[in-house]
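For reference, the structure discussed in these notes is given below.
The values are calculated or read from the model by the stated rules, or taken from the named source; none is laboratory data. Everything numeric here is computed off the predicted structure, so don't read it as measured data. Here the Cβ positions follow ideal geometry from the backbone for every residue, glycine too, while neighbour counts run over all protein chains shown. Each accessible area value is taken on the protein alone, full model and side chains, heavy atoms only, with ligands, DNA and RNA left out. Shrake-Rupley method; radii C 1.70, N 1.55, O 1.52, S 1.80 Å.
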Amino acid sequence: MGYSNGSDVPLSKLKRCAEVLDDMPLLSEKDLWLIRFTSDYYHHPIGEVVAAALPSLLRQGRSLHPAVEKYVASELANSFDFTALAKRAPKQAKLLEALLKAGGGGFDANQLNEILPKWRSAGKGLMAKGLMSSFECHADTFDEQLVCATSPDLILNEHQQDALTALRCSDQFGAYLLDGVTGSGKTEVYLQRVQDVLKQGKQVLILVPEIGLTPQLVARLSERLGLCPALLHSGLSDSARLAAWRTAQSGAAHLVVGTRSAIFTPMNKLGLIIVDEEHDQSFKQQEGLRYSARDLAIARAKHWDIPVILGSATPTLEMLQHCRNSTYKHILLPARAGGASPPTLRLIDTVRTPVTDGISEPLAEAIRRTLDTEGQVLIFLNRRGFAPTLICSTCGHIAGCERCDSRLTVHSRSRQLRCHHCGACRTLKEQCDECGEVVRPLGEGTERLEDTLKHRFPNAAIKRIDSDSTQHKGAMDAALQSATSGEVDILVGTQMLSKGHHFPALTLVGVVNADQGLFGTDFRSGERMAQSIIQVAGRAGREDRPGEVLIQTAFPENKFWRTLMTGGYRQLSDNALAEREITRWPPFTRLALIRSAAHQHSDAHRLLGIAKRYLDDNADNALRVLGPVDAPMARKAGRYRAQLLLQSSDRSTLHRVLKELRLIMESDPAARKVRWSIDVDPVELF
Ligand code: ADP
Ligand code: ZN
C-alpha cells in the first residue's frame, strides 16, 4: 500500500519481501485511494479490498505480463509441398496455413483454440516434421481492437439533444442522473457523450448490472464507435480477464465495459464513468465486501474530478433525493425515442376473471391476438422452478428445507426439490415424507408456466429464460439472440428478462402473479416492485408497433396499483419519498446492518448484545439502534441469524460508531463462534 523508510514494528517481526512480481506498480496512487476509501467506508479489511480489486491471477501472484507460449511456422514451412500435406493430413495443412498467415508473431494456445479446436494433435504432427516451432514471450498489452464503425450517429430528438448539452457542460466532477423512460434513447445519449470523451484521448468506464446485457451493448458500442471495448465480467476465463484488465491498466483500451467489480479497474486516463440501470440491485455485493459499485463510481468520479452519469428509467429514491437537494443534476427524457409510443398498462383482476393454471382469460386472449398478428409475447414471473411449494393433499405437510426456515421449490425438469436459499437439493418424490400419501405442487413457477403455455399455444415457439435454463456457457447469449431475432413467439422468464433488453418484435407483456412485493416486509419492497414492473413493461412496443402490458393482480384496488396506473413511476417515487421522510428511512437517514450467524441461537445473539450494550453505554442522540432481533429468515444453511440495525441522520456519527464497534467485536471472545459482518447502506434487510 505504500513505501516507508522506517517502521514502529521491531525488525525481527518484519517480513522480507518474498519476490518482486512486477517492474512497475500496478496500481497508481489514485487506485490505492479507491481501495483505502472502500476499506474505510465499508469497514472492511483492506487486504480483502485489494483482493476484490485484482483479477484472480494477479491475486495468486502472477505477473501482469505472464509468459505465454507462441506457435509459429518454421523456416522449412516456406518451401514445403503444401498440396501433398493437404491430401495426407488436412488438419495439419490447415494449421500450417493459419500459422503462415500469422507470420513471426504466431499464435498462442487460446487463439489457436478459436481458429482450430483440437489443433494440438495436428500441432504435434507439424512439430515432428519440423514445420512448426514454439517460443516463450511475455504477454504484451494488446492494442485495442479497432473495427469499422458501421452505423452513423442517430439524429437526436429534442429531449436527447438537451440531455446531451447538459451532460457536456463540464468535464469535471458532477453526478448526472439520466432519468429517461424505457426506450427514451438513453444509450444514444451515452454514446455521443462517450465519443466526446474518447476524442479527448481519455478512457471511459461503463458499468452494467449483468453480463447478460453486455452482448447487445457491446455490439452497439462497436458498431457506432468503431472499437471493441475491453470486457470485464465474471463469465470470463482468468486469463481473458487478466488480459482485459491489462489493456485497461496500460491505457490501450479506451473503453471498458464491466459488471460490479470493474469499478476497481485501474484506468489512468479515465475521463467518464457511466452506471447503466443505476437502480439495479446487482451493483451491491451481498456478501464479503458489501460494496455498492454505483456508490463507489460516484466516489471515484469525485476524487478523479470527472463526470459520472447514472442512467435509469426507475431511479432509486436515493438518487432522486440527491437531485432534489441539487447535489446531482436531474436530466429527464420524458418520451420514447424514434416513433415508439409508451406501452399501455391494464390491470386484470384475478379474483373476478377466470384463471386457468395461472393464466387469466383476458391475458390468454391477448396472447392469441398477438400471435395472430405476428407479435412477440413476454410472460414475466419472478419465480423460477415448477412450483414454490410441495404440499401433501392428505395431511397438509409442506416440504421444507432442513437447514433453512424456508420451503423447498419443486423443479420438474431435474425432478428435484431445491432450496433457493442454501442450495440444498433432493430427489422429488410422489409421496409425503410424513404420511406417505400423494403430494402435489402448489403455485406457479416459470417451468410450470412454460408447460401451461405450451399446452395452450401448441403452435407457438416458446422459450424459458431464467437462471436454470441459462446455466450452460453460451446458453444465455443464444436465448437472447433467438428472442431478438424474433424466432421465439413467447418468452417466459424471471427478472433476468426484464432488464435493459431490446426485443424489436415484442408487443405484449403479461405480468403473472404481480402481487409478490405488495405486502413485503422490507421498507424498500414498494420501490423494488415498482422498478421491476416498469422495467418489464418497458420491454413492450419499443419499435413502431405499440406495446401492451397486462398485469394480473388479486388486489386491483390497492393504492400501489392505482398510483402506478395514474401517475406511473414518478408519482410512486414521489409518494414513497414523502413517506420515507416522515418515517425517517433512507435516503433521509443512513443505515448499517450488523449481521451475525452461528450454530447456536444464543451465540448469534450474544455478540450483537455486546455491541448493543456498548452503544447504550455511549448513547448518541444522532443514532438509533434497533435490535438485536432474529433475521427475517431466522435460520439459513443451518445457522441461526440475528441482526442489529443502526440508523442515523448523520453519516459521520454512523461511521465513527462503526469504527469503534468493529474493534470491539473483533476482539471479543464471543466473536469466535460467530460469523458476523457489517453492511453499510444495506439494500436488503435480510
Ligand atoms: P433506452 O436505453 O433509454 O431504453 P435506447 O437507447 O435503447 O433506449 O433506444 C431505444 C430505441 O430507440 C432503440 O432502438 C434506438 O435505436 C432508438 N432510438 C434512440 N434514439 C433515437 C433517435 N434519436 N432517433 C431514432 N431512433 C432512436
Ligand atoms: Zn435451505
Matching option when the condition is open to solvent by 70 Å² or more (accessible area, probe 1.4 Å) and of a type in the set (Ser, Thr, Tyr), among Ser648, Ser573, Ser667, Ser602: Ser667
In the set Glu97, Glu114, which member is within 43 Å of the chain's Cα centre (by Cα), open to solvent by 80 Å² or more (accessible area, probe 1.4 Å) and closer than 21 Å to Ser237 by Cβ? Glu114
Is it the case that some residue within the range 594-612 is more than 19 Å from Glu287 (Cβ to Cβ), in contact with a strand residue (DSSP E or B) (Cβ under 9 Å, 6 or more places away or on another chain) and in a strand (DSSP E or B)? no
Would a scan of the range 368-375 turn up a residue that is within 16 Å of ligand 1 (Cβ to nearest atom), over 27 Å from Lys636 (Cα atoms), part of a loop (DSSP other than H, G, I, E, B) and over 29 Å from the mean Cα position of the chain (by Cα)? no
Tell me yes or no: at least one residue of the range 460-472 is in a loop (DSSP other than H, G, I, E, B), more than 26 Å from His502 (Cβ to Cβ) and open to solvent by less than 30 Å² (accessible area, probe 1.4 Å). no
Tell me, yes or no, whether the range 309-323 has at least one residue that is open to solvent by 20 Å² or more (accessible area, probe 1.4 Å) and either closer than 27 Å to Asn513 by Cβ or among the acidic types (Asp, Glu) (or both). yes
What pairs come up if the first residue lies in the range 312-326 and is under 13 Å from Gln531 (Cβ atoms) and free of Cβ contacts under 8 Å to residues at least 40 places away in the same chain, the second is within 16 Å of ligand 1 (Cβ to nearest atom) and outside any helix (DSSP H, G or I), and their beta carbons are under 7 Å apart, counting only those six or more places apart or on different chains? none
Listed by first then second residue, the pairs whose first member lies in the range 329-346 and is of a type in the set (Ser, Thr, Tyr), whose partner is not in a loop (DSSP other than H, G, I, E, B), with beta carbons under 8 Å and at least 6 positions apart or on separate chains, are Thr344/Glu548; Thr344/Val549
When you go through Ser250, Ser234, Ser222, Ser239 one by one, which is the residue that is small (Gly, Ala, Ser) and closer than 26 Å to Asp466 by Cα? Ser234
Any chance the range 536-548 includes a residue that's open to solvent by less than 10 Å² (accessible area, probe 1.4 Å) and away from ligand 1 (no atom under 14 Å from the Cβ)? no
Filter pass, Cys401 being within 14 Å of ligand 2 (Cβ to nearest atom) and not small (Gly, Ala, Ser): yes
Residues of the range 327-354 satisfying the condition of being away from ligand 1 (no atom under 16 Å from the Cβ) and buried (at least 18 other Cβ atoms within 10 Å of the Cβ): Tyr328, Lys329, Leu345, Leu347, Ile348, Thr350
Out of Arg656, Arg641, Arg662, sole residue that is surrounded by 14 or more Cβ atoms within 10 Å (Cβ to Cβ) and outside any helix (DSSP H, G or I): Arg641
